[in-house]
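What follows draws every value from the coordinates through simple rules; no lab data is involved. All values derive from a computational prediction rather than experimental measurement. Here Cβ is always computed from backbone atoms with ideal geometry, including for glycine, and neighbour counts include all displayed protein chains.
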Amino acid sequence: VQLQASGGGLVQAGGSLSLSCAASGIAFSINSMGWYRQAPGKLRELVALVTSGGLTNYGDSMKGRFTISRDNAKNALYLQMSSLKPEDTAVYYCNIKRASWPYTDYWGQGTLVTVSS
């Protein structure tokens, strides 16, 4: 399984940025696909996830600013971020949660998002 995230970069506060994640080698059912982030010195946290049924869940500070979407046919995941804040600066990772044994979590390599003030 490979997850290739792209789209990170430098953006000014208040700006927008879109992330993409392309998944390959998927030969199992997926429970959910999502984005997580980790800022320096902080724990990795949920940004947003979407289940196989289309339900979404967002981290509290992302609600209303970020939108997650998924293309099941392409095993692709997207994150549209707007009204970005300096505190959104982090490495963003895409994630797949397997729906069957051994219920593995798969992670991409991460893409850096830097929001300048």
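Note the per residue figure in Å³ for the convex hull of the C-alpha positions in the stretch 73-117. Could you put the intermediate results ahead of the total?
Values: hull volume 4.4 nm³, N = 45.
In the stretch 73-117, the Cα hull volume divided by residue count equals 97 Å³.
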Debye equation applied to the C-alpha atoms of the chain, log10 I(q)/I(0) at 0.19 Å⁻¹: -0.95
Please compute the contact order of the chain in relative form: average sequence separation of alpha-carbon pairs under 8 Å and at least six residues apart, divided by the residue count, as a percent. 36
Using 0.36 nm per residue, how much length does the chain from Lys97 to Leu112 gain when fully extended, once their Cα-Cα distance is taken away? 3.2 nm
Long-range amide H partners of Leu84 with built H, under 5 Å: Gly14, Gly15
Are there chymotrypsin sites (Phe, Trp or Tyr not before Pro) in the stretch 34-117 that DSSP puts in a loop and that have at most 11 other Cβ atoms within 10 Å, and which ones? Tyr103
